[in-house]
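The values are calculated or read from the model by the stated rules, or taken from the named source; none is laboratory data. Predicted model only: the values in this text are computed from it and were never measured. No Cβ is skipped: glycine too gets one built from the backbone with ideal geometry, and neighbour counts run over all protein chains shown. Just so you know, the surface numbers come from the protein's heavy atoms only, side chains and all, with ligands and any DNA or RNA stripped out. Shrake-Rupley method; radii C 1.70, N 1.55, O 1.52, S 1.80 Å.
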Amino acid sequence: MWRVLWTLVARAARGPRRSCTRQGSGAPAPGSGATIFALSSGQGRCGIAVIRTSGPSSGHALRSLTAPRDLPPARSACLRLLTHPHSGEPLDHALVLWFPGPQSFTGEDCAEFHVHGGPAVVSGVLQALGSVPGLRPAEAGEFTRRAFAHGKLSLTEVEGLADLIHAETEAQRRQALRQLDGELGHLCHGWAKTLTKALAHVEAYIDFGEDDNLEEGVLEQADSQVRELELALSAHLRDARRGQRLRSGAHVVVAGPPNAGKSSLVNLLSRKPVSIVSPEPGTTRDVLETPVDLAGFPALLSDTAGLREGVGPVEQEGVRRARESCNFLDTVVIPPGAGSPSENSRRLLLVLNKSDLLPRGGPDPRPDLPPHLLLSCLTGEGLNGLLEALRKELAEVCGDPSTGPPLLTRARHQHHLQGCLDALGHYKQTKDLALAAEALRLARGHLGRITGGGGTEEVLDIIFRDFCVGK
Ligand SMILES: Nc1nc2c(ncn2[C@@H]2O[C@H](COP(=O)(O)OP(=O)(O)OP(=O)(O)O)[C@@H](O)[C@H]2O)c(=O)[nH]1
């Protein structure tokens, strides 16, 4: 029987749809065939600038620009004089590297020129490359798109790479690196393998149901595999918003009565004068948002109008907007002497500001309040404690990328996971084994599309739009 089942596992793994493996779309990247070139390091004056090429004429380009005109050994840096291929004019002394395909980032022949980073050197070398027949400037993300097309990166790894390039905080960098290293892809791959096994069991029953040699309980095994998978997928979907928040930033709202020191705290946390600080109550009238790195997590920090009643229509509108902002993670700042906050915040971190005005080492001045932190925006005392408390809150809200399972970082991951769960729901409902097998294939197709299997072409333009030229 096991031989029968293994054959079926192999067949189920092939299936009518592409399984979730680490491979590209199979479709050639637009315009692949041409050799592309671009500055891959940042724009502007710098010590070293890296210019690279990818495509069949890379070797020819390297020989055309370097003296001596032979290819350096593969993947070894060599010092060469760069000259213009037509005029012979010296352009720079550069380190050059030759990466013959398929052992290169894109899977194609690639060359790199590490030149001195002056604008004239860079434009001279780019112009020289443009004069080599068969070469054209690369479009944004075209190197990575070719890497994807040649199966060098899965789609989740491409997304991880895009996130790594855009990462502005430590938590974002950690998360992006984990995705680039294939953690999310491996997770989906593991789920797809479970589905393949379940499918093999169902197909075995369809083909050999009457065969005495067929092992007992194959359908029950498939059912239990599906149940386990459902639990795992549901757990990930429950956490789905965390990964997206980690990419886009959590909302942190500073709210409280007028003159509490909200603007002072926003300026302190963002390390720049975002808001006007003044002893006059009611200075901040509207919600002021600024992106910040809070204890390694990305956040959109909002300063709000002081919450009070009986003011004019403009300030009242500010108060209304402030209350509306208190939907996410709120830090409510209150001064000594104010009443307990009544805001209906989902997550509240209470800070008692102006602690420098309190007697040193005295008892807690506000034992009537819920647990709170003491802070002085004036002296900075208590700031480390507040940052640590924020780090814990944000790790809850965004997910901690140092530990825990890989996060779903995009809406499309969530969409396909939900699609997979829905298909598993159909599997459980139907009594028809052929339809059950089809539901499992459908579920597996959704998982495959997360890592870039068939049917992802429509999202490629959106994903690669996030890249810069040269990547
Ligand atoms: N002593 C002391 N004064 C502070 C501290 N933080 C802020 N202040 C002062 O308190 C006053 C009000 O500060 P703001 O930051 O403008 O207060 P706010 O809550 O934004 O005020 P509104 O715009 O009215 O809502 C200013 O004079 C600040 O210099 C602090 O920790 N200690």
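Data overview
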quantity: Any chance residue 452 is modelled with pLDDT under 65 and in contact with a Leu (Cβ under 8 Å, 6 or more places away or on another chain); calculated: no
quantity: Filtered residues of region 269-288 (kept if polar (S, T, N, Q) and modelled with pLDDT under 75); calculated: 283, 284
quantity: Sole exception among (1) buried (at least 23 other Cβ atoms within 10 Å of the Cβ); (2) closer than 22 Å to residue 250 by Cα for residue 400, by number; calculated: (1)
quantity: Breaking point among (1) crowded, with 17+ Cβ neighbours inside 10 Å; (2) hydrophobic (A, V, I, L, M, F, W, C); (3) at pLDDT 75 or above, for residue 5; calculated: (3)
quantity: Options 134, 217, 190; residue that is touching a strand residue (DSSP E or B) at 6+ places or on another chain (Cβ under 8 Å) and either free of Cβ contacts under 8 Å to residues at least 24 places away in the same chain or surrounded by fewer than 16 Cβ atoms within 10 Å (Cβ to Cβ) (or both); calculated: 134
quantity: Top-ranked residue in region 248-304 [being of a type in the set (Asp, Glu) and part of a loop (DSSP other than H, G, I, E, B); ranked as farthest from the ligand (Cβ to nearest atom)]; calculated: 286
quantity: Candidates 124, 107 - the one that is at positive phi, modelled with pLDDT of 90 or more and surrounded by 14 or more Cβ atoms within 10 Å (Cβ to Cβ); calculated: 107
quantity: Meets criteria (crowded, with 17+ Cβ neighbours inside 10 Å, farther than 22 Å from residue 445 by Cα and small (Gly, Ala, Ser)) for residue 176; calculated: yes
quantity: Candidates 183, 228, 170 - the one that is in contact (Cβ under 8 Å) with a residue 60 or more places away in the chain, open to solvent by 70 Å² or more (accessible area, probe 1.4 Å) and either within 16 Å of the ligand (Cβ to nearest atom) or under 28 Å from residue 408 (Cα atoms) (or both); calculated: 170
